[in-house]
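A.B. asks: Next up is a structure, given as structure tokens.
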Amino acid sequence: MKLSGFVKEIIKDSLIIFASIIIIITILRQIFYPDMAFDLKSIYIIMTFSLIGALTGFILYSPNDLSEKQMRIRIVIHFFALEIILISLGIIIGIINSALSIIILALQIAVIYVIVRLLSWQNDKKVAKSINEKLMALKKDI
């Protein structure tokens, strides 16, 4: 994949992460704190975490094709790097002040990571199906 295409993917992933966090927080606030509203500082913090989370996607970038094993190793490294970076950033900013806060943030990161991976997998499935259909059409023409 070209670097420009990868940058587009990073931006898309950042927006998906941001939207997922906002949707999840909105639903949870409606259930547990219906009168609580978003403040601008919270939105900026969520945007920053989303962008940093998506930027760690450069761990997955390679101009050459990777084997399945190499890609799985990179995904594991990416996940742990993401957890460490975002939890460290949360401690530095001061939004994490206990072990329970660390566990909750780690679980939130994991859930959103799974959502992004599932969406990427669905997109890859659509692209593979499209390629297979084009190949079948070419095969029929020959």
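A.B. asks: Among I31, I84, I104, which is of a type in the set (A, V, I, L, M), within 21 Å of S14 (Cβ to Cβ) and modelled with pLDDT of 85 or more?
C.D. replies: I84
A.B. asks: Please go through segment 93-110 and give me each residue that is within 12 Å of the chain's Cα centre (by Cα) and open to solvent by 80 Å² or more (accessible area, probe 1.4 Å), ordered by number. Can you show your working first?
C.D. replies: So the first thing to find is which residues in segment 93-110 are within 12 Å of the chain's Cα centre (by Cα), and the list is 108-110.
If the condition is that a residue be within 12 Å of the chain's Cα centre (by Cα) and open to solvent by 80 Å² or more (accessible area, probe 1.4 Å), then Q108 is the only one that fits.
A.B. asks: For G90, are the conditions met, namely being buried (at least 16 other Cβ atoms within 10 Å of the Cβ), part of a helix (DSSP H, G or I) and modelled with pLDDT under 85? Steps first, answer last, please.
C.D. replies: Values: buried (at least 16 other Cβ atoms within 10 Å of the Cβ): yes; part of a helix (DSSP H, G or I): yes; modelled with pLDDT under 85: no.
Against the criterion (buried (at least 16 other Cβ atoms within 10 Å of the Cβ), part of a helix (DSSP H, G or I) and modelled with pLDDT under 85), G90 does not qualify.
A.B. asks: Oh, and also: Give the residue, chosen from K69, K12, K2, that is at pLDDT below 85 and within 25 Å of V127 (Cα to Cα).
C.D. replies: Details: K69 fails: at pLDDT below 85; K12 fails: at pLDDT below 85.
That would be K2, the only listed residue that is at pLDDT below 85 and within 25 Å of V127 (Cα to Cα).
A.B. asks: How many residues are out of contact with any helix residue (DSSP H, G or I) (no Cβ under 9 Å at 6 or more places or on another chain) and closer than 18 Å to I46 by Cα when one looks only at segment 63-88?
C.D. replies: Qualifying residue count, segment 63-88: 2.
A.B. asks: Tell me which residues, restricted to segment 10-33, are among the β-branched types (V, I, T) and either within 12 Å of S50 (Cβ to Cβ) or touching a helix residue (DSSP H, G or I) at 6+ places or on another chain (Cβ under 9 Å) (or both). Before the answer, list the steps.
C.D. replies: Going residue by residue through segment 10-33, those that are among the β-branched types (V, I, T) are 10-11, 16-17, 21-27, 31.
Hits for segment 10-33 are I10, I11, I16, I17, I21, I22, I24, I25.
A.B. asks: Could you count how many residues in segment 112-130 are open to solvent by 80 Å² or more (accessible area, probe 1.4 Å) and either in contact (Cβ under 8 Å) with a residue 40 or more places away in the chain or farther than 22 Å from I24 by Cα (or both)?
C.D. replies: Qualifying residue count, segment 112-130: 5.
The values are calculated or read from the model by the stated rules, or taken from the named source; none is laboratory data. Computed from a predicted model, the values in this text were never measured in an experiment. Every residue, glycine as well, gets a Cβ built from its backbone with ideal geometry; the counts of neighbours run over all protein chains shown. The accessibility values were calculated without ligands, DNA or RNA, using every heavy atom of the protein model including side chains. Shrake-Rupley method; radii C 1.70, N 1.55, O 1.52, S 1.80 Å.
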